[in-house]
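For reference, the structure discussed in these notes is given below.
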Amino acid sequence: MDYNQFFEEALPYSQFLERYATPDQNHRWSEFRKSVELTAAQTDLLKSFTREMKVLVMAGAWCGDCVNQCPIFDRFTEVNPKIRVHFADRDDTPDLSENLKTCGGARVPAVVFLSEDGHFCGRAGDRTLSKYRSVVASQSGAACPTGIVSTDGLTAAVVQDWLDEFERIQWMLRTSTRLRNLHGD
């Protein structure tokens with residue numbers, strides 16, 4: 001699968017929403033984006049990223065999980081333009097959708113991390129660990145409380161989960177012998 005080709009054909013955040021979102025969906029994405037706050041430490045970390053990273057996100061403007069995660073990625077790109085995020089619509093890219101199935105389904109968001117020259121580095125999605133902990137706690141009730149994540153601060157926890165994943169990929173890129181040789185560092 002040539003993820004880089006899909007990345008090049010996919011759209012930046014605002015263009016994706018312009019093309020695929022209804023006015024109501026666009027409003028939901030916009031409202032959630034306003035709620036995404038980065039701490040000073042998170043902002044400093046993002047600013048420290050020196051390697052370009054391509055991030056391909058398969059999403060759906062209609063998807064609640066996408067509404068509550070994809071605007072986070074846009075906030076990251078706002079801090080550091082070396083983070084390039086492009087969005088592919090799940091229903092318009094059936095080959096990508098088939099290849100990125102999660103647990104046997106076309107679940108979104110599905111995120112593929114690529115190097116600056118298009119090499120596969122990692123995959124994440126459809127929800128972060130903090131979100132899954134919250135779902136399990138709400139579905140399991142007192143019979144299976146995790147006590148790890150409450151719904152208070154869930155957005156902040158999901159932001160941190162995603163930042164951890166972006167950071168992992170950035171350090172992979174930064175320490176890559178191939179890329180260090182390419183950049184002479």
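The values are calculated or read from the model by the stated rules, or taken from the named source; none is laboratory data. Remember, predicted model here, so these are calculated numbers, not experimental data. Note that we place each Cβ from the backbone using ideal geometry, even for glycine, and neighbour counts take in every protein chain shown. Ligands, DNA and RNA are excluded from the accessible area calculation, which covers all protein heavy atoms including side chains. Shrake-Rupley method; radii C 1.70, N 1.55, O 1.52, S 1.80 Å.
The structure shown yields Rg/Rh (Cα atoms, Kirkwood Rh), and of the options (i) 1.15; (ii) 1.42; (iii) 0.97 that calculated value carries the label (iii). Full extension of the segment from Tyr132 to Asn26, taken as 0.36 nm per residue of separation minus the current Cα-Cα distance, would add 35.7 nm. The lysines whose alpha-carbon is closer than 18 Å to the alpha-carbon of Lys82, local same-chain residues fewer than 8 away aside, are Lys47, Lys54.
Annotation: the antiparallel percentage among DSSP beta bridges lying fully within the chain is about 65. Length gained on full extension, Glu8 to Ala40: 8.4 nm, using 0.36 nm per residue less the C-alpha separation.
Roll a 1.4 Å probe over the protein chains and send me the accessible area per residue for the chain in Å².
Values: 9130 Å² over 185 residues.
With all protein chains present, the chain gives 49 Å² per residue.
Counting protein heavy atoms only, the chain has 49 percent of its accessible area on carbon and sulfur, 1.4 angstrom probe. Here the simple spin-label model places points 7 Å from the Cα toward Cβ, and for Met1 and His183 these points are separated by 2.7 nm.
Taking 7 Å steps out from each Cα toward its Cβ at Glu116 and Asn99 produces label points 2.3 nm apart.
Here the spin labels are modelled as points 7 Å beyond Cα on the Cα-Cβ line, and at Thr175 and Thr77 they lie 2.8 nm apart. Need the C-alpha centroid separation for region 98-137 versus region 11-58, integer Å. About 16 Å separates the Cα centre of region 98-137 from the one of region 11-58.
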